[in-house]
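The values are calculated or read from the model by the stated rules, or taken from the named source; none is laboratory data. Everything numeric in this text was worked out from a predicted model, so none of it was measured. Please note: Cβ atoms are built from the backbone with ideal geometry, for glycine as well, and neighbour counts cover all protein chains shown.
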Amino acid sequence: MKREFQLCGLGNAIVDIFLEVSDAEFTQLGFERGTMRLVDLNEQKILLERYQKNEPKLVSGGSVANSTIAFSQLGGDAAFIGCVGDDRYGLFYAGEFEELGIAIGSPIIVNQATGTCVCVITPDAERTMRTCLAVSSHLAARHVDEERIKNSDWLFIEGYVFANPETGQTAIREAIKFAKKHGTKIAITCSDAFIVHVFGDALRDALKDADLFFCNESEACAVTQTATAEEAFKKLNSDIPSVIVTNGPHGVYVRHAGLEAHVPAFSSNPKDLTGAGDMLAGAFLYGITHGVAPDKAARAACFLAHKVIEQVGARLHHGTKLFWDEIV
């Protein structure tokens, strides 16, 4: 029987707030250019109040959320599990997901602040980010909706959620339990090599149940203790049914449904590398759930990732399906 959703993402719900500043304004902030740092709620409020008259651009995000949005933009039926607060950012997040047609249930938690990532953009197109996880880091087992997972072909888990042992890891275990109960396939993205270094035991436990693992070269090498993407890909193949290892401008290693291939990257003139992996994962998942061969799905996903990094912002707002159709 056909399920309601092909994909259900589970991850941190973050609103990206884009601030375009001059070099002089950036110097006054005293930030190290191009860095990403976690900050507390008060520090984030002070930064936002400083630029409240600039009317910053808001975009709903988070790693797996971006993948889920890409999946939906391509025409897939998607759901998402995450937490937002009842502030202006949380209402914006819930409203945008409703507009995108992504089922997110009731993610709003009263009297809590929504996770935000302030992206300070300078004239050289560099992004300097300050992230406040806020209520997104409260995602726990009690927030995991069994029905959304039951009614999905795939569950897609964000690696960053492993970074919260008392809450996030319980959510992951609960989601995996429901997925296995209802025959929903499980995909996991590593998110960052530090997840392997600090929360590797929890990640490896989850990978025992995974059907598909997404990682880049540094993450794959950390998991397998190898030196190159190719070596890591070969080693991962013995443990996980399907694997995608991205290697930046050197392309993608793919193993899925009995097919193994190396797919070259597209030549790019990058403006902002953020979101490339999120787009690639969402597009690949769309491909394999819609009858596209894994190597062709990977090639199309690489093309969309190439489009993402040639603009500022972690996702495409227009033309996603047209780009897909162009390359497929």
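Summary table below
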{"read-out": "Checking Val308 against (1) assigned to a helix (DSSP H, G or I); (2) of a type in the set (Val, Ile, Thr); (3) at pLDDT 95 or above, the condition it does not meet", "value": "(3)"}
{"read-out": "Subset tally (residues that are assigned to a loop (DSSP other than H, G, I, E, B) and surrounded by 19 or more Cβ atoms within 10 Å (Cβ to Cβ)) for segment 125-144", "value": "3"}
{"read-out": "Residue among Ala283, Ala314, Ala261, Ala301 that alone is part of a helix (DSSP H, G or I), touching a strand residue (DSSP E or B) at 6+ places or on another chain (Cβ under 8 Å) and in contact (Cβ under 8 Å) with a residue 24 or more places away in the chain", "value": "Ala301"}
{"read-out": "Answer from Thr167, Thr122, Thr128 - the residue that is touching a strand residue (DSSP E or B) at 6+ places or on another chain (Cβ under 7 Å) and among the polar types (S, T, N, Q)", "value": "Thr128"}
{"read-out": "Residue selected from segment 205-258 under the condition assigned to a loop (DSSP other than H, G, I, E, B) and among the β-branched types (Val, Ile, Thr), by the criterion nearest to Phe156 (Cα to Cα)", "value": "Ile240"}
{"read-out": "Residue under evaluation Phe92, criteria (1) under 18 Å from the mean Cα position of the chain (by Cα); (2) assigned to a helix (DSSP H, G or I); (3) among the hydrophobic types (A, V, I, L, M, F, W, C), criterion not met", "value": "(1)"}
{"read-out": "Condition broken by Val245, with the remaining ones in (1) farther than 15 Å from Ser67 by Cβ; (2) touching a residue at least 40 places away in the same chain (Cβ under 8 Å); (3) crowded, with 19+ Cβ neighbours inside 10 Å satisfied", "value": "(2)"}
{"read-out": "Total residues in segment 5-30, condition part of a loop (DSSP other than H, G, I, E, B) and either surrounded by fewer than 15 Cβ atoms within 10 Å (Cβ to Cβ) or among the β-branched types (Val, Ile, Thr) (or both)", "value": "3"}
{"read-out": "Filter result for Ala70 (in contact with a Phe, Trp or Tyr (Cβ under 7 Å, 6 or more places away or on another chain) and buried (at least 24 other Cβ atoms within 10 Å of the Cβ))", "value": "no"}
{"read-out": "Those residues of segment 152-184 which are of a type in the set (S, T, N, Q) and either touching a Cys at 6+ places or on another chain (Cβ under 8 Å) or within 14 Å of Leu207 (Cβ to Cβ) (or both), in sequence order", "value": "Ser152, Gln169, Thr184"}
{"read-out": "Criterion: closer than 25 Å to Phe178 by Cα and not small (Gly, Ala, Ser) - qualifying residue of Arg88, Arg3", "value": "Arg3"}
{"read-out": "Residue under evaluation Asp40, criteria (1) among the acidic types (Asp, Glu); (2) more than 23 Å from Ala141 (Cα to Cα); (3) surrounded by 15 or more Cβ atoms within 10 Å (Cβ to Cβ), criterion not met", "value": "(3)"}
{"read-out": "Checking Tyr51 against (1) surrounded by fewer than 24 Cβ atoms within 10 Å (Cβ to Cβ); (2) of a type outside the set (A, V, I, L, M); (3) under 23 Å from the mean Cα position of the chain (by Cα); (4) farther than 21 Å from Ala297 by Cα, the condition it does not meet", "value": "(3)"}
{"read-out": "Out of Gly115, Gly101, Gly75, Gly62, sole residue that is over 30 Å from His290 (Cα atoms), among the small types (Gly, Ala, Ser) and at pLDDT 90 or above", "value": "Gly115"}
{"read-out": "Residue tally, condition assigned to a loop (DSSP other than H, G, I, E, B) and either surrounded by 24 or more Cβ atoms within 10 Å (Cβ to Cβ) or touching a Cys at 6+ places or on another chain (Cβ under 6 Å) (or both), over segment 185-204", "value": "2"}
{"read-out": "All positions within segment 286-296 that are over 16 Å from Leu7 (Cα atoms) and part of a helix (DSSP H, G or I)", "value": "Pro294, Asp295, Lys296"}
{"read-out": "Conditions (1) over 23 Å from Ala220 (Cα atoms); (2) modelled with pLDDT under 90; (3) hydroxyl-bearing (Ser, Thr, Tyr); number of the one not met by Ser238", "value": "(1)"}
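Residue by residue, here is whether (1) of a type in the set (Asp, Glu); (2) in contact (Cβ under 8 Å) with a residue 40 or more places away in the chain; (3) touching a Lys or Arg at 6+ places or on another chain (Cβ under 9 Å) holds:
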position	(1), (2), (3)
Glu43	yes, yes, yes
Arg88	no, no, no
Glu96	yes, no, no
Gly101	no, no, no
Ile121	no, yes, yes
